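The values are calculated or read from the model by the stated rules, or taken from the named source; none is laboratory data. A quick note: this is a predicted structure, and the numbers were derived from the prediction, not measured. A quick note on method: Cβ atoms are made from the backbone with ideal geometry, for glycine too, and the neighbour counts reach across all protein chains shown.
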Amino acid sequence: MRLKRTVMAVLAGLITLCASAQGVISVDSKASVLPDGNVELLFTVSLEPGWYMYSTVPVSGGPMATSFTADESSAFTLSGGLQDVEEAHVKLDEGFGIDVKYFEGTAQFRQVIVPASQETFTVTGYLEYQTCNGAECTLNESEVSVKVDPTAAPGEASAAPSKGGKAAGQGFWSFLLIAFLAGLAGVITPCVFPMIPMTVGFLIGGGSTKRAGVLKGVIFGLSIMVIYTILGLVVALFQSTAATDAIGTHWIPNLIFALLFLVFAVSFLGAFEITLPSGLANKADREADKGGYVAAFFVALAMVIVSFSCTGPFVGSILAAAVLDGVALRPIVGMAVFGLGFSLPFVVLSFFPGVMKKLPKSGGWLNMVKVVFAYIMLAFAMKFLYNIDAYFGWGIITRLGFIASWVVLALLLGLYFLGVFRTSHDSPTDGIGWGRHIAAIVCITFAFYLIPGLFGAPLQSISGLIPPMDGSTLTLSSGGTAQAASGDNAAATGYSTLKYHTDLDEALAESEATGKPVFVVFKSHTCSVCKQMEATVLSSAAVMDRLSDEFVIAHLYVDDKTEDAEFRTLGRRYRDLEMRQFASASQPLYAVVDAEGSTLSGPVGSCSEEEFLNFLNF
């Protein structure tokens, strides 16, 4: 026993020295002067085979993002936050139930600093990041020390974030496809569709030859693309490369997009009409009346202005997707492709004016399109409102409430298609056609697809749009009564319903009073493997019965940010305890201790149900 304790102590000492880099081969850093006089710090993390780490982009309810904290110094200031150098891989993490961004093999990060003078100085601080291998996760801190000479010749800066990998390429092309389809959808809105005959008539009329009509149609289409591209360029210019990493989770842009969607949704439901100043449209109309090729541009400008009340939601959606993705080029390209989709029908009709005779006539169906858009925008407004709630940690918009709102919206839209109710600006109809029947079936089916999510179903196909598992999911008791589960951000049923302590001293005190041993769990809020274990092994009936009847449960979060006088944070205290007593720095880690804190069984990590039950049979 003494030999075992000696070996454990030696191992604990070794792990204390290298625990901040479990799964990591090396962390290298260097500095280079940029052409503008600022300095770029480049950090290169080499990972062991089978291990991966997460990107710098924070994801609400997801893993811990990689970050850099610099020690206080008057020699420099940070410019923005830490950024990924290369595009991260994307995968669905079953533990979190959302898409996460991660790196394998080698990961590079850049931090720009602004020197206060031309004197040489040293930047010290630490990288904080999370590494996982599918069976365990670990929170790491790597100390950094970089000497900086601001007078050195500008060196080669690290590459800007580049597109790499199959997943990244697919995401970009999917974004462009959505932008193009959104442009096409804008044509069938009530503000645009009735203007098609008049606009095409201008392009091919006025005694022009067919060749002249085609040329005016091309100029019109290019003008639409240029106008929307300029809008995307303006948005991109206001995006600094540092801001794009955090803008997806910051409350200000999410509030702007939420209000935008809510205002347009209420407008489309008939409450009021959104219009731009009439002077803009009148001026564009006057220029268009002059005729000629130049007039094609002003017709395009007038079209963009007049149609704003209907195309605004599409434009806002594309810009929101582009900005929240964190890539400065996307607003420009997205708006250009949107303009292409929006102008393409007009250009094609100017080439083949005879096709206009086959277009459906304007009518009540256009009002129905506005109502459909209103419900869709209300659904996505909930997403932005949730991001605000998650940013401040209020817990007002839970997963249960979010999914319930989507269920209601989907059902209402389905009933609207069936003609159960109408809005104030809908036209009377004699019957419901086959198209509305199919649309109603789709909406109501989607509502029924969402309902299991209220009771803990992961809903993986839309996991990137809905909040992750929290404590709000309903469970059915043996008597059939619906109850709300409580617990941490793990599975919403099973193990997470058990009572536990987050303070070890409280757990030890209860252990002394009851005579029950303490089941200690070392975990983190951002540990995917911890969530998987709690949703499977720990939630099995056999394990649940043992834990609920025979143990006091203590959850020790190694990422707890509560201040601690000795270890700076409570999480550091528990991480130090894990390394000293159990010679491990990985999570999850399970152990059983007595009321004095002495080990009775374990530790064990991620394992099967049989192995876990054997661990409990000490």
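In summary, strands (runs of 3 or more DSSP E) completely within the stretch 43-115 and bearing 1 or more residues that are over 23 Å from the mean Cα position of the chain (by Cα) occur at 67-70, 76-84, 106-115. If you go through the stretch 432-454 and keep only what is surrounded by 17 or more Cβ atoms within 10 Å (Cβ to Cβ) and either modelled with pLDDT of 90 or more or out of contact with any strand residue (DSSP E or B) (no Cβ under 7 Å at 6 or more places or on another chain) (or both), you end up with ARG436, ALA439, ALA440, CYS443, ILE444, PHE446, ALA447, LEU450, GLY453. For the stretch 492-502, the set of residues classified as on the phi < 0 side of the Ramachandran plot and either buried (at least 23 other Cβ atoms within 10 Å of the Cβ) or touching a residue at least 40 places away in the same chain (Cβ under 8 Å) (or both) consists of ALA492, THR493, TYR495, SER496, LEU498, LYS499, TYR500, HIS501, THR502, listed by residue number.
When restricted to residues that are outside any loop (DSSP other than H, G, I, E, B) and out of contact with any Asp or Glu (no Cβ under 7 Å at 6 or more places or on another chain), the stretch 395-423 contains 18.
Among the residues of the stretch 377-396, those identified as farther than 13 Å from TRP251 by Cβ, buried (at least 17 other Cβ atoms within 10 Å of the Cβ) and of a type outside the set (Phe, Trp, Tyr) are MET377, LEU378, ALA379, ALA381, MET382, LYS383. Total residues in the stretch 128-147 satisfying the condition of being of a type in the set (A, V, I, L, M, F, W, C), outside any loop (DSSP other than H, G, I, E, B) and either closer than 28 Å to VAL604 by Cα or free of Cβ contacts under 8 Å to residues at least 60 places away in the same chain (or both): the figure is 3. Consider only pairs whose beta carbons are under 6 Å apart and that are at least six residues apart or on different chains; among these, list those whose first residue lies in the stretch 533-554 and is over 14 Å from LEU613 (Cβ atoms) and whose second residue is of a type in the set (Val, Ile, Thr) and outside any loop (DSSP other than H, G, I, E, B). Qualifying pairs under 6 Å: VAL552/VAL518; ALA554/VAL518; ALA554/VAL520. Within the stretch 424-450, the set of residues being assigned to a helix (DSSP H, G or I) and over 36 Å from the mean Cα position of the chain (by Cα) comprises TRP434 only.
When THR429 is evaluated against the numbered criteria (1) surrounded by 13 or more Cβ atoms within 10 Å (Cβ to Cβ); (2) under 23 Å from MET382 (Cα atoms); (3) not charged (D, E, K, R), which criterion, by number, is the only one it fails? In the conditions (1) surrounded by 13 or more Cβ atoms within 10 Å (Cβ to Cβ); (2) under 23 Å from MET382 (Cα atoms); (3) not charged (D, E, K, R), THR429 misses (2) alone. Scoring VAL123 on the criteria (1) surrounded by 19 or more Cβ atoms within 10 Å (Cβ to Cβ); (2) at pLDDT 85 or above; (3) touching a Phe, Trp or Tyr at 6+ places or on another chain (Cβ under 6 Å) leaves a single failure, condition (3).
The residues of the stretch 413-425 that are crowded, with 17+ Cβ neighbours inside 10 Å and in contact with a Phe, Trp or Tyr (Cβ under 9 Å, 6 or more places away or on another chain), listed by number, are LEU413, GLY414, TYR416. Annotation: THR514 fulfils all but one of (1) surrounded by fewer than 18 Cβ atoms within 10 Å (Cβ to Cβ); (2) closer than 25 Å to ALA65 by Cα; (3) among the β-branched types (Val, Ile, Thr); the unmet one is (2). Picking from residues in the stretch 473-488 that are at pLDDT below 50 and crowded, with 18+ Cβ neighbours inside 10 Å, the one that is nearest to the chain's Cα centre (by Cα) is ASP488.
Selection of the stretch 536-577 for residues being of a type in the set (D, E, K, R), in a helix (DSSP H, G or I) and more than 20 Å from TYR495 (Cβ to Cβ) yields ARG572, ARG573, ARG575, ASP576. Selection of the stretch 34-49 for residues being crowded, with 21+ Cβ neighbours inside 10 Å and among the β-branched types (Val, Ile, Thr) yields VAL39, VAL45. Note on the stretch 565-581: among residues that are hydrophobic (A, V, I, L, M, F, W, C) and touching a residue at least 24 places away in the same chain (Cβ under 8 Å), the one that is surrounded by the most Cβ atoms within 10 Å (Cβ to Cβ) is MET579. Here LEU600 passes the criteria (1) surrounded by 15 or more Cβ atoms within 10 Å (Cβ to Cβ); (2) in contact with a strand residue (DSSP E or B) (Cβ under 7 Å, 6 or more places away or on another chain) except the one numbered (1).
Within the stretch 66-79, restricting attention to residues that are over 22 Å from GLN118 (Cβ atoms) and either in contact (Cβ under 8 Å) with a residue 60 or more places away in the chain or outside the structural domain of MET53 (by TED's automatic domain parsing) (or both), the residue that is surrounded by the fewest Cβ atoms within 10 Å (Cβ to Cβ) is SER67. Filtering the stretch 582-597 to residues that are modelled with pLDDT under 85 and in contact with a strand residue (DSSP E or B) (Cβ under 8 Å, 6 or more places away or on another chain) leaves PHE582, SER584, ALA585, SER586, GLN587, PRO588. Among the conditions (1) surrounded by fewer than 18 Cβ atoms within 10 Å (Cβ to Cβ); (2) in contact with an Asp or Glu (Cβ under 8 Å, 6 or more places away or on another chain), TYR52 misses just one, which is (1).
Scanning the stretch 578-603 for residues that are under 33 Å from the mean Cα position of the chain (by Cα) and either assigned to a loop (DSSP other than H, G, I, E, B) or within 19 Å of THR536 (Cα to Cα) (or both) returns SER584, ALA585, SER586, GLN587, PRO588, LEU589, TYR590. Being at pLDDT below 80, acidic (Asp, Glu) and surrounded by fewer than 20 Cβ atoms within 10 Å (Cβ to Cβ) is a property that holds for ASP99.
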